[in-house]
Amino acid sequence: MALLFYLLMPETKPEPHPDHRHETLFGTFRHYHVVLRDHAFVAFLVACILMGIVYIQMYNSLSVYLRDYHGIQPQAYGFLLTSSAITVIAFQISVMRVIKTRPPFVMMSLGTLFYMIGFGMFAIVSAYGLFVLAVVIITVGEMIVVPTSQALAANFARVDMRGRYMAVFDLTNKVPATVGPAAAGVVLDNYDPNLVWHLGSVLCAISAVCFYVLHARLGSHTRFDVATQGPDAAQPAMEA
């Protein structure tokens with residue numbers, strides 16, 4: 001994979017200005033406050049965290065829930081993940097061709113609604129085939145959300161801040177992995193286990209609304225224009 005990137009992927013880093021001074025390692029930490037003061041970007045991160053708290057349940061709480069409350073064995077849970085992988089292999093390229101011509105924040109909202117439907121199904125169905133269907137629906141949402149969110153994180157940044165924006169975006173992706181399993185464990189141990197999925201649907205709905213509000217506020221900006229080719233066209237982030 002590294003060789004393919006080296007040979008086939010064009011470099012997007014701009015050439016440094018002749019008067020540009022090389023930044024030290026410690027110097028790179030001085031400007032993260034610029035990222036955190038970008039209110040629109042922070043709102044985008046919060047929406048991603050809410051969505052991620054729900055998505056992460058597929059890889060921890062779901063297996064416990066299916067085993068303890070529906071009697072589904074680990075092998076059957078493993079097939080659910082296999083069905084997700086098959087869906088990605090079969091449809092990711094086709095999905096990418098569709099979403100790259102659509103407004104990105106709208107696509108984030110749509111993908112999150114797929115999450116809301118898929119995870120919500122776990123609370124209301126009991127047939128194994130419907131669990132498989134729920135996972136496929138979630139995977140469709142994943143195929144929309146993952147590439148779109150990464151592109152948006154880059155396009156929020158001006159060119160010389162792209163690395164910092166992507167670093168903060170990647171760091172906030174770890175928040176759901178920290179908070180989500182613990183919160184779901186508390187619910188599973190002390191309350192109706194279906195509440196995990198009901199609450200997850202609510203969080204996804206809130207996240208979807210947030211993405212759509214961002215579309216209404218920022219969708220007309222040049223850096224989020226679907227006609228923009230490549231991250232070099234990204235403009236400086238503006239506060240919402």
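Entry note, the chain: the mean residue ellipticity at 222 nm calculated from DSSP H runs of n ≥ 4, each adding -39500 (n - 2.57), is -23000 deg cm²/dmol after division by the residues and rounding to the nearest 500.
The structure shown yields mean projected area of the Cα convex hull in nm², and of the options (1) 14.5; (2) 15.1; (3) 13.7 that calculated value carries the label (2). For the chain, the longest principal axis of the alpha carbon atoms and the long axis of helix 61-70 meet at an angle near 10°.
Probe radius 1.4 Å, ligands and nucleic acids ignored: give me the carbon and sulfur share of the accessible area of the chain as a rounded percent. Intermediate values should be presented prior to the final figure.
Values: 8930 of 13460 Å².
Within the chain, the accessible surface is 66 percent carbon and sulfur.
Region 72-114 and region 44-60 have Cα centres lying 15 Å from one another. What the chain shows is 56 Å² of accessible area per residue, with the surface traced by a 1.4 Å probe over protein heavy atoms. The label point for ALA205 and the one for LYS100, both projected 7 Å from the Cα toward the Cβ, are 3.5 nm apart.
Dipole magnitude for the chain: about 220 debye, using +1 per Lys or Arg Cβ and -1 per Asp or Glu Cβ, origin at the Cα centre.
The values are calculated or read from the model by the stated rules, or taken from the named source; none is laboratory data. It should be emphasised that the depicted structure is a prediction, and the values quoted were computed from it without experimental measurement. Cβ atoms come from the backbone with ideal geometry, glycine included; neighbour counts cover every protein chain shown. Accessible surface areas use protein heavy atoms only, side chains included; no ligands, DNA or RNA. Shrake-Rupley method; radii C 1.70, N 1.55, O 1.52, S 1.80 Å.
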